[in-house]
Amino acid sequence: MSFVLNTIRPIIACLSLALLALGGVADAGADEPWGLLERVRDELTRSPRQADFVQSYIPAGFSSGEQEEGRIFIALPDCVRWDYQSPYAKSFLLCEETVWTWNEGETSGRRQQLVADEQQGLDLLRLSVEALRGRYRASLETSVGGELEVLLSSLTPNDALRDASFLIDADSNLLIGLSYHDLEGNLTRFEISGYGPLGEGTVFAPPAEIEWLAE
């Protein structure tokens, strides 16, 4: 697997987030899960968003692990950007078929063109809900606290994700938590807050002053 795909694997769930949430979900309690995912994806396509995230990565067999935080910018169906702010400042930008990665203060970054057989977990962002139905089983539950939870489980043993969980606040109709296990059993978990419109600017343009090294 290439350098870029190895680097962005811990943030596959953010790609899932771009597909599945950050928009309002009206009357989701009575909705079947695939219909809910289709509607939320449409909402995010119509209204690009940004939000804060805290990411925890817990290796299989451990009860705790690394934690990072930052901000995500989403404009489906074309672009998603993650700006990690701590403990290390780094950015990832995906637009159409190209991924750029760079660290704050460095003069060079990496650029890679994606092809279908390299996408791995990127399918959660790049495939339609109809295509996802062929790869995952979905269910919709209500948690003890009243939040709505969408659960995905893989239908094939070699998929990039074993399962995923999306937690939606029933009062605000916003995604407040997301987690998934990869094939090795490692857990990635997100807490999401601070929603707002995307606003003005060029967050989806890679920095012009950086030398891009092709993968």
For the stretch 56-112, go through all pairs of different Cα atoms, get the mean of 1/r, take its inverse, and jot down that Kirkwood value in Å. 12.8
Run the quick spin-label model on residue 104 and residue 163: label points 7 Å from Cα toward the beta carbon, then report their separation in nm to one decimal. 3.7
Once you have the Cα-Cα distance between residue 71 and residue 38, take 0.36 nm times their residue separation minus that, and quote the gain in nm to one decimal. 9.5 nm
Distance from the Cα centre of the stretch 67-118 to that of the stretch 148-181, in angstrom? 22
Rounded to the nearest 0.05, what FRET efficiency do residue 88 and residue 215 have when you use their Cβ-Cβ distance and R0 = 22 Å? 0.60
What's the ranking of 129-135, 141-147 by average number of surrounding C-beta atoms within 10 Å, highest first? 129-135, 141-147
Tell me, in nm to one decimal, what length is gained between residue 45 and residue 141 on full extension, where the rule is 0.36 nm per residue of separation less the Cα-Cα distance? 32.1 nm
Most packed first (mean Cβ within 10 Å per residue), the peptides 94-100, 107-113 order as 94-100, 107-113
Expected unfolding gain across residue 52-residue 156 under the 0.36 nm per residue rule, minus the alpha-carbon gap, is 34.2 nm
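Every number here is computed from the coordinates shown, using simple stated rules; none is lab data. Computed from a predicted structure; not experimentally measured. Quick reminder, even Gly has a Cβ in these numbers, built from the backbone with ideal geometry, and neighbours come from all protein chains shown.
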